[in-house]
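A.B. asks: Questions regarding the structure given below will be posed in turn.
The values are calculated or read from the model by the stated rules, or taken from the named source; none is laboratory data. Remember, it's a predicted structure, so these values are computed and weren't measured experimentally. Using ideal geometry, Cβ is built from the backbone for each residue, glycine included, and neighbour counts are taken over all protein chains shown.
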Amino acid sequence: MPGTAYVLFHHVMGECNGVRGVWGYVRGGMGGLSNAIASAAKERGAEIRVNAAVAQIIVKNGEAVGVALADGTELRAKKVISGIDANMTFQRLMDPKLLPAEFAEAVRNIDYASGSAKINLALSEVPDFRCLPGNKPGPQHHGTIHLCPTREYIERAFDCAKYGHISDNPIIEATIPSSLDNTVAPPGMHVMSMFTQYFPTCWPRTRGAWRRTRRATPSAASTS
Ligand SMILES: Cc1cc2nc3c(=O)[nH]c(=O)nc-3n(C[C@H](O)[C@H](O)[C@H](O)COP(=O)(O)OP(=O)(O)OC[C@H]3O[C@@H](n4cnc5c(N)ncnc54)[C@H](O)[C@@H]3O)c2cc1C
């Protein structure tokens, strides 16, 4: 479909440890990356505050001069750098009227809708694949596991979302980080991270909607 090739490109354009087109796992889980960035920042004199939600970016005479935290503390600075998305930064943490109209409109028009859902599983053992049997971690568990046998299958998975339902047979891209890193699961056990598609973007975000779907999906009810 037009435009979809970008995602493939996005997935192969990066590199890890000098090898192009591969993805890597962070030993100990993704928090290890945040901790590494935090250590590097602290080494250079940064002070880090956690559990300190920013409620507002303070603007004086057209310049950002600091932030106000949710508990009322005000921190002044020469520059404010935001690591959260543009919508939160410019629409919620400050008055968009303070921004050039064209820029504010561009931010307002960013489409954040996503048709994917992440599902994380705790496993008592690695999957035993029919094409390469074995329930001990092997090369078949190290890479990305794609469950999408044909293009027709992908199209049908998307049809469900197009008409407002979660895919009956979703595309699943799964990884099992514990097959390479024994620090992320108890001995002999595993974690599996599944990136699934497609999910309707108009899905009601209520607990009731989830419960109704679970009741209507026998396989989901038995595994939940
Ligand atoms: C379903 C899904 C699957 C993905 N899979 C992968 C993958 O397999 N590999 C990969 O490399 N990337 C993946 N990504 C992308 C990756 O998760 C993001 O690119 C990355 O997390 C972005 O990091 P960030 O620091 O910019 O934002 P975030 O990780 O969103 O961090 C922003 C932080 O700011 C905090 N925050 C928000 N508002 C405030 C506030 N007002 N005050 C203070 N703090 C605030 C939040 O709590 C959060 O901790 C995936 C993303 C999604 C959604």
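A.B. asks: Being hydroxyl-bearing (Ser, Thr, Tyr) and in contact (Cβ under 8 Å) with a residue 12 or more places away in the chain is the filter here, so list the residues in the range 149-162 that pass it.
C.D. replies: Correct list: Tyr153 only.
A.B. asks: Please tell me if Glu15 is farther than 24 Å from Ser114 by Cβ and surrounded by 11 or more Cβ atoms within 10 Å (Cβ to Cβ).
C.D. replies: yes
A.B. asks: As an exercise: evaluate Phe195 against (1) more than 13 Å from the ligand (Cβ to nearest atom); (2) surrounded by 13 or more Cβ atoms within 10 Å (Cβ to Cβ) and give the number of the one condition it does not meet.
C.D. replies: Of the numbered conditions (1) more than 13 Å from the ligand (Cβ to nearest atom); (2) surrounded by 13 or more Cβ atoms within 10 Å (Cβ to Cβ), the odd one out for Phe195 is (1).
A.B. asks: Let me ask you something else. Output the number of residues of the range 82-108 satisfying the condition of being surrounded by 10 or more Cβ atoms within 10 Å (Cβ to Cβ) and either within 15 Å of the ligand (Cβ to nearest atom) or not in a helix (DSSP H, G or I) (or both).
C.D. replies: Summing the residues that are surrounded by 10 or more Cβ atoms within 10 Å (Cβ to Cβ) and either within 15 Å of the ligand (Cβ to nearest atom) or not in a helix (DSSP H, G or I) (or both) in the range 82-108 gives 14.
A.B. asks: Consider the range 170-186. How many of its residues are away from the ligand (no atom under 13 Å from the Cβ) and touching a Gly at 6+ places or on another chain (Cβ under 9 Å)?
C.D. replies: Qualifying residue count for the region: 4.
A.B. asks: To continue, here is another question. In this structure, does Ala41 turn out to be surrounded by 13 or more Cβ atoms within 10 Å (Cβ to Cβ) and out of contact with any Phe, Trp or Tyr (no Cβ under 7 Å at 6 or more places or on another chain)?
C.D. replies: no
A.B. asks: Right, here's the next one. Here is a check on your reading of the model: is Val59 more than 30 Å from Arg151 (Cβ to Cβ), more than 15 Å from the ligand (Cβ to nearest atom) and either within 18 Å of the chain's Cα centre (by Cα) or surrounded by 10 or more Cβ atoms within 10 Å (Cβ to Cβ) (or both)?
C.D. replies: Against the criterion (more than 30 Å from Arg151 (Cβ to Cβ), more than 15 Å from the ligand (Cβ to nearest atom) and either within 18 Å of the chain's Cα centre (by Cα) or surrounded by 10 or more Cβ atoms within 10 Å (Cβ to Cβ) (or both)), Val59 qualifies.
A.B. asks: In addition: What is the number of the single condition among (1) away from the ligand (no atom under 16 Å from the Cβ); (2) at pLDDT below 95 that Met189 does not meet?
C.D. replies: Met189 satisfies all of (1) away from the ligand (no atom under 16 Å from the Cβ); (2) at pLDDT below 95 except (2).
A.B. asks: Let me ask something else. Let me confirm something: among Asp111, Asp128, which residue is of a type outside the set (A, V, I, L, M), assigned to a loop (DSSP other than H, G, I, E, B) and away from the ligand (no atom under 15 Å from the Cβ)?
C.D. replies: Asp128
A.B. asks: Okay, next question. What are the residues in the range 30-48 that are part of a loop (DSSP other than H, G, I, E, B), within 13 Å of the ligand (Cβ to nearest atom) and modelled with pLDDT of 95 or more, if any?
C.D. replies: Residue satisfying the conditions is Ile48 alone.
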